[in-house]
Amino acid sequence: MEAEIDINELIQRFVLHEGCVLMPYICPAGYLTIGVGRNLEANPLTSEERKVCGDWRHGITKNAAFYLLRNDIQKTERECSKNIPFFNTLDKERRYALIDMAFNLGIKGLLKFQLMLEAMGSGFYDIAAKECLNSRYAKQTGMRARRIAKTIKTGKFEV
């Protein structure tokens, strides 16, 4: 595996894509969410996270939001590593792209991108990027999907 993923860099990218909302809200997909895209229905707070967040129904601190996000990034990275056989052979930027997609779609949602993943596993990044953009995900997330597809294609993240 190439360089380790810098979690602080990922936090900045997730805030760019998700925003940071300290009060609970309903996301565009209709789920109760807080912080940096934390879907509380699909990913409820653990007992330890509840201790850190306190009464989240009345809002959380930015530190609590970033604590949740760190946990979510680590969990998502583990899920990608477990479910995508070539994940750990990718460069860190393409691993980031898959982590971002899995965070947004869930690991099950990411795994539905079979053609994209097959292309990535074979090193056909141009094809993988096109498959990323040829999706409902791309239509729904717009600029985010374009950034992720470009990262898949080039191995470089650009804002």
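The values are calculated or read from the model by the stated rules, or taken from the named source; none is laboratory data. Only a predicted model underlies this, so the values are computations on that prediction, with no experimental measurement involved. Heads up, the Cβs are rebuilt from the backbone with ideal geometry, glycines too, and the neighbour counts pull from every protein chain shown.
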### Task
Could you tell me which of the residues Leu68, Leu45 is aliphatic (A, V, I, L, M), more than 30 Å from Gly123 (Cβ to Cβ) and in a helix (DSSP H, G or I)?
Leu68
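Residue-by-condition table, conditions (1) under 25 Å from Pro28 (Cα atoms); (2) in contact with a Gly (Cβ under 9 Å, 6 or more places away or on another chain); (3) hydrophobic (A, V, I, L, M, F, W, C):
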{"residue": "Asn71", "(1), (2), (3)": "yes, no, no"}
{"residue": "Gln74", "(1), (2), (3)": "yes, no, no"}
{"residue": "Lys82", "(1), (2), (3)": "no, no, no"}
{"residue": "Lys112", "(1), (2), (3)": "yes, no, no"}
{"residue": "Asp126", "(1), (2), (3)": "no, no, no"}
{"residue": "Arg136", "(1), (2), (3)": "yes, no, no"}
{"residue": "Thr141", "(1), (2), (3)": "yes, no, no"}
{"residue": "Ile148", "(1), (2), (3)": "yes, no, yes"}
{"residue": "Lys156", "(1), (2), (3)": "no, no, no"}
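Taking the condition over 20 Å from Tyr125 (Cβ atoms), out of contact with any Leu (no Cβ under 6 Å at 6 or more places or on another chain) and of a type in the set (A, V, I, L, M, F, W, C), does Val36 pass? So that I can check it myself, show each step before the final result.
Details: over 20 Å from Tyr125 (Cβ atoms): yes; out of contact with any Leu (no Cβ under 6 Å at 6 or more places or on another chain): no; of a type in the set (A, V, I, L, M, F, W, C): yes.
For Val36, the condition - over 20 Å from Tyr125 (Cβ atoms), out of contact with any Leu (no Cβ under 6 Å at 6 or more places or on another chain) and of a type in the set (A, V, I, L, M, F, W, C) - is not met.
Does the range 131-159 hold any residues that are part of a helix (DSSP H, G or I) and under 22 Å from Pro85 (Cβ atoms), and which are they?
Keep residues of the range 131-159 that are part of a helix (DSSP H, G or I), which gives 131-133, 136-141, 143-154.
Passing the criteria: Glu131, Cys132, Tyr137, Ile148, Ala149, Thr151, Ile152, Lys153.
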### Query
For the subset of the range 3-19 comprising residues that are in a loop (DSSP other than H, G, I, E, B) and loosely packed, with under 13 Cβ neighbours inside 10 Å, which member is modelled with the highest pLDDT?
Gly19
### Query
Quick one: how many residues across the range 126-141 are buried (at least 18 other Cβ atoms within 10 Å of the Cβ) and either of a type in the set (D, E, K, R) or within 21 Å of Leu10 (Cα to Cα) (or both)?
5
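I'd like the residue in the range 82-106 that is surrounded by fewer than 16 Cβ atoms within 10 Å (Cβ to Cβ) and in contact (Cβ under 8 Å) with a residue 24 or more places away in the chain and, out of all such residues, is nearest to Ser122 (Cα to Cα).
Restricting attention to the range 82-106, the residues satisfying the condition of being surrounded by fewer than 16 Cβ atoms within 10 Å (Cβ to Cβ) are 82-83, 85-86, 88-89, 91.
Filter once more, keeping what is in contact (Cβ under 8 Å) with a residue 24 or more places away in the chain: 83, 85-86, 88-89, 91.
Working: Asn83: 16, Pro85: 12, Phe86: 9, Asn88: 14, Thr89: 11, Asp91: 14 Å.
Once the filter is applied, the top-ranked residue is Phe86.
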### Task
Give the residue that is modelled with the highest pLDDT, with candidates limited to residues of the range 20-48 that are within 18 Å of Lys62 (Cα to Cα) and small (Gly, Ala, Ser).
Gly35
### Message
It is to be established whether one or more residues within the range 142-154 are of a type outside the set (A, V, I, L, M), exposed (fewer than 15 other Cβ atoms within 10 Å of the Cβ) and modelled with pLDDT under 95.
### Response
yes
### Query
Say we look at the range 54-81 and pick out the residues that are over 17 Å from Leu16 (Cα atoms), touching a residue at least 24 places away in the same chain (Cβ under 8 Å) and among the small types (Gly, Ala, Ser); which of these is surrounded by the most Cβ atoms within 10 Å (Cβ to Cβ)?
Ala64
